[in-house]
Amino acid sequence: MTHMNYDTPTWGKDDHLALSDETVRSRRGLIIGVAVAVVLALVVAWFLFQKKPVQAKPVEQLPNVSVAVPGRLAVARVISATGSLAAQIDMPVGVAGEGGRVTQVLVQPGQWVEAGQVLATIDRSVQTQTAASLAAQVAVAQADAKLAQANVDRAQALVGKGFISKADLDTKIATRDAAMARVRVAQATLAQQHASNGRLDIRAPAAGLVLLRSVEPGQIVSAGSGMLFRMAKGGQLELRALLSEADIATLKIGDSAEVTPVGSDKHFAGHIWQVSPVIDPSSRQGVAKIALSYDPALRPGGFAAASIRSGTSDAPQLPNSAIQSDEKGNFVYVVGPDDKVKRVAITIGEVSDHGVSIASGLVGNERVVLSAGAFLNPGQKVKPNLSKTGI
């Protein structure tokens, strides 16, 4: 019979429980250690952050720009204008006599003519016959007058001898005087016909340039036909420049001007010879007439621009490099007291070898950026370097 050993040891189970508790305690200690390490790391990091010295802010690099104070210089005041070209003294030429059929046209547009030169002739066959008839009447009247004078001469010789009376002599003298008067009437009538025939020729009223021809051979013309030729007296032309009320008030006779026809790069010198005494109430403009010498490139009726020099004025001047432009117009950059760039709109005046005059926008005491304006922006701070040479 087998005996059960009830004293068999049970250490395996208890030992396993003991080992598990030890493991738990070990892991718990590990977790606590890690947590303590993290807290310490955070504390150290916080401490280091609080104690980190503040670094100096980097120095801003400001662009160097050249500036100049333009001041004000005396420059020629230039007024720009536009207008139409025309003859300075326009002469329309038409029929002065009774007219008729044109037989010849002797000139063409662009041709120079002298005073009294025949421009066109009109058929005068009828008028020529009339003149011949009148000339014959003059001859008849002269013959009658000659006979009457002979009768007077004979009567004067006989009256002294008593062959005829004094009354008969007086009658013959009266007849002679009447015959002489008829001669003068016939001669005047013939001269009138010759003058009328002479007016059948269309003649130039003065020396000048033919601008327009509107008649052809075979055309029937009369005093009511209007203008057949148009001439510029002496070939002198003008530009009728339209100017504002303010500009025209500054002009005076003799001011020089430069005229440029549209489509041409040629410039023509002229001068103001007349200033309109009235202003158009609707447009508030007046007309200044610029006298020009004849040139084939100047065509009456054409359009042209003019630059009129009218005295001098004080204005700032800048080099062309300082002028900027965009869709809003011309402008410059000005450096203010805070060394910040500011955009200033300007109006350009006269352009010369000395620079560009500023008609409006600047006073002259501003610090204007001379170059590199295209790389700047309004409000940008810069380091201005005052140019010693200025313009």
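From the gyration tensor of the Cα coordinates in segment 233-375, what semi-axes in whole Å does the equivalent ellipsoid have, largest first, with each one equal to sqrt(5λ)?
On the way: eigenvalues 266, 60, 36 Å².
Values for segment 233-375, descending: 36, 17, 13 Å.
Given charges of +1 on the Cβ of Lys and Arg and -1 on the Cβ of Asp and Glu, with all other atoms neutral, how large is the dipole of the chain about its Cα centre, in debye to the nearest 20? List each step's numbers first, then the result.
Details: 39 positive and 33 negative charges, 210 e Å.
Magnitude of the dipole: close to 1000 debye.
Based only on the alpha carbon positions, what is the Kirkwood hydrodynamic radius of segment 171-301, in angstrom? Show your work: numbers first, answer last.
On the way: mean 1/r = 0.0503 Å⁻¹.
Radius from the Kirkwood sum: 19.9 Å.
Within segment 133-218, list the trypsin sites (Lys or Arg not before Pro) lying in a DSSP loop whose Cβ has at most 13 other Cβ atoms in a 10 Å radius. Don't jump to the answer; show the numbers that get you there.
Details: sites: Lys146, Arg154, Lys161, Lys166, Lys172, Arg176, Arg182, Arg184, Arg199, Arg203, Arg213; in loops: Lys161, Arg199.
Listed in order of number, the matching sites are Lys161.
Set Lys and Arg Cβ to +1 and Asp and Glu Cβ to -1, take the dipole of the chain about its Cα centre, and tell me which of Gly208, Leu42, Thr130 lies farthest positive.
Thr130
For the chain, what does -39500 (n - 2.57) per DSSP helix run (n ≥ 4), summed and divided by total residues, give at 222 nm, in deg cm²/dmol to the nearest 500? Show your work: numbers first, answer last.
On the way: 4 runs with 113 residues, N = 391.
Calculated mean residue ellipticity at 222 nm is -10500 deg cm²/dmol.
If you build the Cα gyration tensor of segment 239-284 and take the root of 5 times each eigenvalue, what three semi-axes come out, in whole angstrom, biggest first? Show your work: numbers first, answer last.
On the way: eigenvalues 98, 39, 12 Å².
Listed largest to smallest, the semi-axes of segment 239-284 are 22, 14, 8 Å.
Starting from the Cα of Arg72, step 7 Å along the direction of its Cβ; do the same at Ser293; then give the gap between the two resulting points in nm.
3.9 nm
Using alpha carbon centroids, what distance separates segment 164-182 and segment 330-391, in Å?
Centre-to-centre (Cα) distance: 105 Å.
Write down Rg/Rh for segment 155-233, rounded to two decimals, with Rg from the C-alpha atoms and Rh from the Kirkwood relation over Cα pairs. Don't jump to the answer; show the numbers that get you there.
On the way: Rg = 26.3 Å, Rh = 17.8 Å.
The Rg/Rh ratio comes out at 1.48.
How far, in nm, would the chain grow between His271 and Gln236 when pulled straight, counting 0.36 nm per residue and subtracting the alpha carbon separation? List each step's numbers first, then the result.
Details: separation 35, 0.36 × 35 = 12.60 nm, distance 1.23 nm.
Extra length from His271 to Gln236 when fully extended: 11.4 nm.
List, largest first, the extents of the alpha carbons of segment 55-158 along their principal axes, each in whole Å.
Projected onto the principal axes, the Cα atoms of segment 55-158 cover 153, 39, 18 Å.
Which translational diffusion coefficient, to the nearest whole µm²/s, is obtained for the chain from the Stokes-Einstein equation, given a Kirkwood hydrodynamic radius over C-alpha pairs, 20 °C and 1.002 mPa s?
Calculated translational D: 65 µm²/s.
Of the heavy-atom accessible surface of the chain (probe 1.4 angstrom), what whole percent is carbon and sulfur? All intermediate terms of the calculation are to be shown ahead of the outcome.
Numbers: 13890 of 24250 Å².
With neighbouring chains kept in place, the figure for the chain is 57 percent.
Calculate, for Ala135 and Ile173, the FRET efficiency according to 1/(1 + (r/R0)^6) with r their C-beta to C-beta distance and R0 22 Å; round to the nearest 0.05.
According to the calculation, E is roughly 0.20.
Taking only Cα atoms, what is the 0 to 90° angle, nearest 10, from helix 166-198's long axis to the longest principal axis of the chain?
It is inclined by approximately 30 degrees.
Could you report the chain's accessible area per residue, 1.4 Å probe, as an integer in Å²? Before the final figure, lay out each step's value.
Numbers: 24250 Å² over 391 residues.
Here the per-residue accessible area is 62 Å².
First measure r as the distance between the Cβ atoms of Leu147 and Val118, then evaluate 1/(1 + (r/R0)^6) with R0 = 56 Å and state the FRET efficiency to the nearest 0.05.
Working: r = 42 Å, r/R0 = 0.74.
It comes to 0.85.
How about segment 320-370: which GluC sites (Glu not before Pro) there lie in a loop by DSSP and see at most 11 other Cβ atoms within 10 Å? Intermediate values should be presented prior to the final figure.
Values: sites: Glu327, Glu350, Glu366; in loops: Glu327, Glu366.
Loop-located and lightly packed - Glu327.
Given an 8 Å cut-off on Cα distances and at least 6 residues of separation, report the relative contact order of the chain as a percent.
On the way: 723 pairs, mean separation 98.4, N = 391.
Averaging sequence separation for qualifying contacts and normalising by length gives 25 percent for the chain.
So how strong a dipole does segment 272-384 carry about its Cα centre when Lys and Arg Cβ are +1 and Asp and Glu Cβ are -1, to the nearest 20 debye?
Working: 11 positive and 10 negative charges, 42 e Å.
So the dipole magnitude of segment 272-384 works out to roughly 200 debye.
What's the magnitude of the charge dipole for segment 70-162 around its Cα centre, counting Lys and Arg as +1 and Asp and Glu as -1 at the beta-carbon? Answer in Debye, nearest 20.
Numbers: 7 positive and 6 negative charges, 55 e Å.
Computed about the Cα centre, the dipole is about 260 debye.
Could you tell me which of Leu318, Ser293, Phe303 has its Cα farthest along the dipole of segment 257-330 towards the positive end, charges placed at Cβ (Lys, Arg +1; Asp, Glu -1), taken about the Cα centre?
The one lying farthest along the dipole's positive direction is Ser293.
The values are calculated or read from the model by the stated rules, or taken from the named source; none is laboratory data. Note that the structure is predicted; figures quoted are calculated from it, not measured. All Cβ positions, glycine included, derive from the backbone under ideal geometry; neighbour counts span all protein chains shown. What goes into the accessible areas is simple: the full protein's heavy atoms, side chains included, and nothing from ligands, DNA or RNA. Shrake-Rupley method; radii C 1.70, N 1.55, O 1.52, S 1.80 Å.
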